[in-house]
Amino acid sequence: MRRLYAVIERDVRKFSRNPVIMVMAVVMPIVYLIILGNSFQGKLKGLPVAVVNQDDGYWGRRLDERLKAVAIGPKTVKLTYMSDQGKAVEGVRDGKFKGAVIIPPDFSRRMALGINPEVGIFVDNTDQISEGALTGALTDAVNSIREVSVPVRPDRTVAQARRVELYRTVDYDQALVPGVVVMAIFIGTMITGVFNLVMDRFLGVDEAILMTPVTKMDIVGGLVVSGFIITMLMATIVYIVSALITGIAVFGSVSRFLGILVVLALTTMGLLSMIFLMLGRANHPRIVGVFQGFMNVIFFFPSGAVYPVEGFPRWLRAFSKVNPEYYAVHALKSIIFKGNPLWAIYGDIVFLVCFLAVMMTLAVVTFKRTL
Amino acid sequence: MPSAVETFDIRKTFGELTAVKDISIQINEGEFFGFLGPNGAGKSTLIRMLTTVLRPTSGTARVGGYDITKEPDEVRRSIGVVTQNMASDLDLTARENMDIFGKFYEVPKKVRQERVAELLERVGLSKKADELAATFSGGMRRRLDIARVLVHKPEILFLDEPTSGLDPQSRRVVWDMLQSFMKDYNMTIFLTTHYMEEAEALCTRVAIIDHGSVIAMGTPDELKSGIPGNDIVILTLSREQENARNLAAAEGYVHKAQLENGDLRCYVNNGSEDAPRLMKLATDAGAEVRAVSIQKLSLEDVFIHYTGRSIREEETKRVSMFLGAGVPAKLGR
Ligand SMILES: Nc1ncnc2c1ncn2[C@@H]1O[C@H](COP(=O)(O)OP(=O)(O)OP(=O)(O)O)[C@@H](O)[C@H]1O
Ligand SMILES: [Mg+2]
């Protein structure tokens, strides 16, 4: 045991001499949270749109009012009035506008007579997301020009769906917190644990240690435990800060907070063991760097952290079923947002425990205690 | 007397290359044994096998009475190893480096603390004990490397080129340290080097290794008396070196005439007497004599005698290798 402690002590001491890395590893996931939380954030605003109204009749004015309402209300669009239809379309091609609305001179007449009134909507369809939002907003405006704002009395003979909210509403950025914490764990496990072994090997100091009586178990176990200590610390800080930023209750009840820690701990140990298994023979830090970039995406996006797994094709869903981050995110969401106790998510816990056991065993068995 | 190290036809191949070729040597307890050879001779490879981190391709060895492949744990507990790379952790202090190594060997706390303090004192690092090794000079780091593998008082100490890259003064400090530790700790020392002076100054017995094989072995005196003559007259010649060599070799008083790197080396009994004769002979051969020197036989000459090459030729290569610092250790192995 003394040797195992010595491996842990060496590693933790060495890490503590580089506090900058620790700060970076905590700050980065939080910045991710802020950027993801704001860059994917649902509603688009202020899309520049050119309006050419060639109809000075009643319906032309009415449509213009509807467009203005969109620009002022949900602020989806920002309107620029122009007189030249050609210039407006040109502006869309140039990228000055995301779209152009052309109201033809005979619009009011056709509306009044009921003969196919049309409004031209030119959109930049190379940008799917903006185009979707824009087409939606403009079509709504056009479709609603006949509406009068008198509430329709509900028809008592028609069945109504009644929505019951089981939990408090979870905002988009709050929903990201479990994923961000899991990402913090991933980053932590990449810069501790086996990375330090790879670094020793790269610097040629590994052999000096292999020539001492430390055993395989001391080395693998010691590095995993020291990585665990450091990563848990980082992940807990990231969780607390993210919760504070997004307005989630940090602790809730004692059992809720303990439940969160248990999930963090199992995930950390599991990932550390898995990465140890995969990189146990690597001899250059660059290998770890490349691997990290790749694995982060491979594990993070199919984890359900940003988009529900149910939206994945079948093969990707199958991958999620063996992705530890998927279970971690699921478990954390369940505890953080629904206040579920651990036994309610025993499926996740059982998977994480088994994953850890298998990975740790393989890591120790496959580790070669020679150069 | 029991053997501290004994190898039995030990061999290591890396692909096509045989780095260590069936070496069988036997080192007694209490010996200061030197392994002398140029770059790539196989010194580090042999040490790595003896210290259990490389498996021999064939053959085996016993270290401290234990088989290196069957009882590696026992071997590791009996030895201390200073690797060719400076291996102390730069982001730990001297004391932390030593303390952690003491823990690797499960030295009890009280003993460990006392010994760390004593060793720090003896290697002259007491004042720097709580500073990061990153702030140390090369010589200080080397002394720390040595001190940290003595915390558990090994029976056998392996050192792989402990003074390479050190200035002559630091080298001498290390030599003195090694000799006094050996005496006080009752150790057997196995040291590799490519410095002749080092082997001559320290070792009770020397094996000369080249291309993976031992080409000569004995005490420094035995090795020197194994080659003919007492002195070497070295003539630096421009032109007609080959011709001069042939003429010299034909002389009765010249035991051996060798061309090495443009120098004509003549092994004779009495250098000061024979030098003028050899100069005349060279001039007669049409060579121009640039310089003459007379040397007592050294282990260097033993090496040249057996290989026809000087170890120093290789040394220039080594220097350029060191200049390419940042060469990853793995590649340097
Ligand atoms: N891991 C390896 N893979 C392939 N070849 C190797 C390996 N390690 C050593 N060698 C080769 O084996 C030979 C002996 O190397 P070794 O390091 O034992 O020499 P050395 O005597 O220690 O030299 P130096 O004085 O430069 O340290 C060299 O030719 C080297 O290139
Ligand atoms: Mg070497």
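No value in this document is a laboratory result; all are computed from the given coordinates. Note that the structure is a prediction, hence the values are computed from the model and not measured. With ideal geometry, Cβ positions are generated from the backbone for all residues, glycine too; neighbour counts draw on all protein chains shown.
Quick notes on this one:
- Whole-number D in µm² s⁻¹ for the stretch A:43-138, Kirkwood Cα-pair radius fed into Stokes-Einstein, 20 °C, 1.002 mPa s: 160 µm²/s
- Chain B, relative contact order in percent, only Cα pairs under 8 angstrom and at least six apart counted: 18 percent
- Three-way shape call for the stretch A:291-371 based on the alpha-carbon gyration tensor, with the a/c threshold at 1.5: oblate
- On a per residue basis, the convex hull of the C-alpha atoms belonging to the stretch A:8-90 measures out at 135 Å³.
- Histogram of C-alpha separations across the stretch B:31-95, 10 Å bin width, %: 18, 43, 30, 8, 0
- Estimated distance in nm for a label pair at A:R62 and B:D73, the labels positioned 7 Å out from Cα along Cα-to-Cβ: 9.2 nm
- Per-pair calculated FRET efficiency, R0 = 30 Å: A:E131 and A:I72 via Cβ, rounded to 0.05: 0.85
- Using the Cβ-Cβ distance between B:N243 and B:K127 with R0 set to 56 Å, the FRET efficiency from 1/(1 + (r/R0)^6) comes to roughly 0.35.
- Three-way shape call for chain A based on the alpha-carbon gyration tensor, with the a/c threshold at 1.5: prolate
- In this Cβ point-charge picture (+1 for Lys and Arg, -1 for Asp and Glu), chain A has a dipole of about 780 debye about its Cα centre.
- Longest site-free stretch - chain A; sites: GluC sites (Glu not before Pro), DSSP loop, at most 15 other Cβ within 10 Å: A:166-371
- Pairwise label distance in nanometres, B:K109 with B:N186, each label 7 Å out on the Cα-Cβ vector: 2.8 nm
- Comparing A:V290, A:V358, A:Y327 along the charge dipole axis of chain A, the residue lying farthest to the positive side is A:V358, per the Cβ-charge model.
- Inter-label distance, nm, simple model (7 Å from Cα along the C-beta direction), B:R55/A:Y346: 4.4 nm
- Fewest-first sequence of A:R256, A:R369, A:R314 by Cβ atoms within 10 Å of each Cβ: A:R314, A:R369, A:R256
- √(5λ) per eigenvalue of the Cα gyration tensor, the stretch B:133-243, largest first, Å: 33, 19, 12
- Using the Cβ-Cβ distance between A:R162 and B:A134 with R0 set to 60 Å, the FRET efficiency works out to roughly 0.30.
- Farthest towards the positive end of the charge dipole of chain B, among the residues B:I189, B:V107, B:V233, is the Cα of B:V107, using unit charges on the Cβ of Lys, Arg, Asp and Glu.
- Per-residue mean of foreign Cβ neighbours for A:56-62 is 0 (Cβ atoms of other chains, 10 Å radius).
- The orientation-averaged shadow of the Cα convex hull for the protein assembly as shown, equal to a quarter of the hull surface, comes to 48.9 nm².
- Counting neighbouring beta carbons within 10 Å and listing from fewest to most, the residues B:D167, A:D348, B:D91, B:D274 come out as B:D167, B:D91, B:D274, A:D348.
- Going by neighbour counts of Cβ atoms within 10 Å, the residues A:W59, A:W315 line up, fewest first, as A:W315, A:W59.
- Computed from Cα atoms alone, the Kirkwood hydrodynamic radius reported for the stretch A:52-208 is 21.0 Å.
- Shape of the stretch B:28-179, Cα gyration tensor, a/c cut at 1.5: oblate
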